[in-house]
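Inspection log for the structure reproduced underneath, given as structure tokens.
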Amino acid sequence: MDAQTFEGLKSIISEEQIVTNQEALYDATVDRYKKYAKVKNALHVPSPASIVYPYSTEEVKSILAFCNENNINVISRSGKTGTEGGLENWKEKSIVVDGSKMNNIVKLDPYNMQATVQTGVVLQDLEDELRKLGYTTGHSPQSKPVAQMGGLVATRSIGQFSTLYGAIEDMVVGLECVFPDGQISKIKNVPRRSGGPDIRHIAIGNEGTLCYITEVTVKIFKFYPENNTFYGYLVDDMDSGLQMLREVIVNGFRPSVSRLYSEEDARQHFSHFYKGKCVLIFMVEGPEGIVKATNEAIEQAVDKFRSSVVEKVDSSFIEDWFNNLNWGQDRIDKEIQDMIENDTHDGYTTEVSADWENIIKIYNNVMHRIKNEFDRVDDLTMLGGHSSHSYINGTNMYFVYNYTINCAPEDELQTYHHPIHQIIIEETLKLGGSMCHHHGIGKYRSEWTKEEHGSAYYMLEKLKEAFDPKGIMSHGTIFPKKEEIEKYIRD
């Protein structure tokens, strides 16, 4: 870091809050998108100049204003669990603003059914405190043990119970954020209002490109673990399984978990019982009466399509699987060790969404193209998908894939992941689906941002022009930068 920048930051925060350690900076260069190249010391993007750890909203305000005045790129970070390159650095003059030290639970308010926390509060910590009182956030992404609240809101996160509780945008009541000119904006906590456009959504899902989220208030829910029920079925194919999912959802019922796994995806999760078939899963929770009605609806839906059901699965298998689904730092550390010692990793995913009619077409088209067009198809060790978040008008598809790495670490993404990723996105957009259901655009889907939004891209572009006119916030994330895309993605 140059002396002028260092002295400028020291005038705002203490020297202990500014990290310039080379190992830490290398770690902050990318997120989990380039996990393999990172472990193999094969990164070809610049490291940030420093990582700063603010303790308050006022410090965030001063840091952003300083960076805005001096044209320093800001990478907003909180939790480090990003998967789409949103945390990757594409600028020589950049700093990472890490909110993990802003980790106070401000207020738990069971009477008004909401909780207010700073950006760096770990979701699992909030959940643990709520459970003591008999409540839950209802939000449970696999990264729950390590993900932080500000990052979850900024990336428009979704959890495994979304069919019942909704995604993070359904849970956020109000929030506080800071814009690059130093403006602090606080959106008040009310159940609903008709005061013009819903301005919460300028911050929710902005991925650090418009503002820095410093505080959030989310809904909470009563917790009824004693009423949990689990269902599992082996079904003939994805089409039949999706029809069963749709039957439950469009009839107005909301299991907390509604999932369908393809044969290949089922193999990695349920090898002890899947028998080469697709696996359909439901979990139901909530008040006793609602659980009972939902259980009956699931059984009726499955019975309606019974000709496609191979057998019912022992519910204890489903419960055991779900209780061990989340991954924390230990799982991340194990994958890192596997990459070091065995040149393997846990694979990649691309999650999309579409209406009920087109989601199966997208799935089938993607499978066909990868198997017939991908020139490294013989290296694939897994190729499948699952639906895990359903809505009245459609569902998502989570494509999952892994491969034997027969290339240099710096070539891995271009050789394997990018070609598969591109096929999935192309087929999704052709049929009117969304190329990014919940992991966000980051940098590695930004080349399709305009196609994703079509004529509505005008609205997105105007937000960037209005709130970040100097373009200092998360350069290259969401908003496409052709030169860097060619350099860091296509090169």
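Each of Val377 and Glu319 was given a label point 7 Å from its Cα along the Cα-to-Cβ line. The distance between the two points is 4.3 nm. If you add up the charges near Tyr457, with Lys and Arg at +1 and Asp and Glu at -1, over every other residue whose beta carbon is less than 11 angstrom from its beta carbon, what do you get? With Lys, Arg at +1 and Asp, Glu at -1, the net is 0. Hey, quick one: spin label on Lys430, modelled 7 Å out along Cα-Cβ, who in segment 338-381 has an amide N within reach, i.e. under 12 Å? Label zone hits: 361-370, 373.
For Phe273 and Glu226 in one chain, what is 0.36 nm times their gap in residues minus the Cα-Cα distance, to one decimal in nm?
Values: separation 47, 0.36 × 47 = 16.92 nm, distance 2.61 nm.
Separation in residues times 0.36 nm, less the Cα-Cα distance, equals 14.3 nm.
Each label point was placed 7 Å from the Cα along the Cα-to-Cβ direction; for Glu461 and Ile340 their separation is 4.7 nm. Of all DSSP beta bridges confined to the chain, the antiparallel ones make up roughly 85%. Taking a point 7 Å out from the Cα of Ile199 in the direction of its Cβ, the residues of segment 148-177 whose backbone N falls within less than 12 Å of it are 175-177.
What fraction of the Cα pairs in the chain, stated in percent, has a spacing above 38 angstrom? Before the final figure, lay out each step's value.
Details: 29920 of 120295 pairs.
Cα-Cα pairs in the chain separated by more than 38 Å: 25 percent.
Can you give me the relative contact order of segment 1-143 as a percent, contacts being Cα pairs under 8 Å and 6 or more apart? Display every interim value, and only then the final one.
Numbers: 201 pairs, mean separation 31.5, N = 143.
It rounds to 22 percent for segment 1-143.
Rounded, prolate or oblate: which fits segment 1-129, taking a ≥ b ≥ c as square roots of the Cα gyration tensor eigenvalues, rounded meaning a/c under 1.5, else prolate when a/b beats b/c? Because a/c hits 1.5 or more and a/b fails to exceed b/c, segment 1-129 counts as oblate.
Calculated FRET efficiency, Asp170 and Lys470, Cβ-Cβ r, R0 35 Å, to nearest 0.05? Kindly include the intermediate steps, with their values, before the conclusion.
Values: r = 33 Å, r/R0 = 0.94.
Once rounded, the FRET efficiency stands at 0.60.
Computed from the Cβ-Cβ distance with R0 of 56 Å, the FRET efficiency linking Lys304 to Glu58 stands at 0.45. Left without a cysteine partner by the 4.7 Å Cβ rule in the chain: Cys67, Cys278, Cys407, Cys436.
Summed over the residues of segment 229-324 and divided among them, the accessible surface reaches 44 Å² per residue at a probe radius of 1.4 Å. Computed on the chain, with alpha-carbon pairs under 8 angstrom and 6+ residues apart, the relative contact order is 17 percent.
You can think of it this way: the chain between Ile392 and His368 has 5.9 nm of extra reach, that is 0.36 nm per residue less the Cα-Cα gap.
With a ≥ b ≥ c the root eigenvalues of the C-alpha gyration tensor of segment 229-324, is it rounded (a/c under 1.5), prolate (a/b larger than b/c) or oblate? Taking the square roots of the gyration eigenvalues as a ≥ b ≥ c, segment 229-324 is oblate. Each Lys and Arg contributes +1 and each Asp and Glu -1, all at the Cβ; summed about the Cα centre of the chain, the dipole is approximately 1140 debye. Available extension along the chain between Ile184 and Val106 is 26.3 nm, counting 0.36 nm per residue and deducting the alpha carbon span. Scanning residues 5 or more positions from Met102 or on other chains, those with amide H under 5 Å from its amide H are Gly120, with H placed 1.01 Å from N in the peptide plane. Prolate is the label for segment 273-416. Its Cα gyration tensor axes, ordered a ≥ b ≥ c, give a/c of at least 1.5 and a/b above b/c.
Can you flag which of Lys430/Lys470; Lys10/Lys450; Lys34/Lys464; Lys186/Lys443; Lys40/Lys144; Lys80/Lys107 are past 31 Å Cα-Cα? Walk me through the numbers before you get to the answer.
Working: Lys430/Lys470 34 Å; Lys10/Lys450 40 Å; Lys34/Lys464 26 Å; Lys186/Lys443 28 Å; Lys40/Lys144 27 Å; Lys80/Lys107 25 Å.
Result: Lys430/Lys470; Lys10/Lys450 exceed 31 Å.
The values are calculated or read from the model by the stated rules, or taken from the named source; none is laboratory data. Note that the coordinates shown come from a computational prediction; the quantities given were computed from them, not determined experimentally. For neighbour counting, all protein chains shown are included, and Cβ atoms are generated from backbone atoms with ideal geometry for every residue, glycine included. Ligands, DNA and RNA are excluded from the accessible area calculation, which covers all protein heavy atoms including side chains. Shrake-Rupley method; radii C 1.70, N 1.55, O 1.52, S 1.80 Å.
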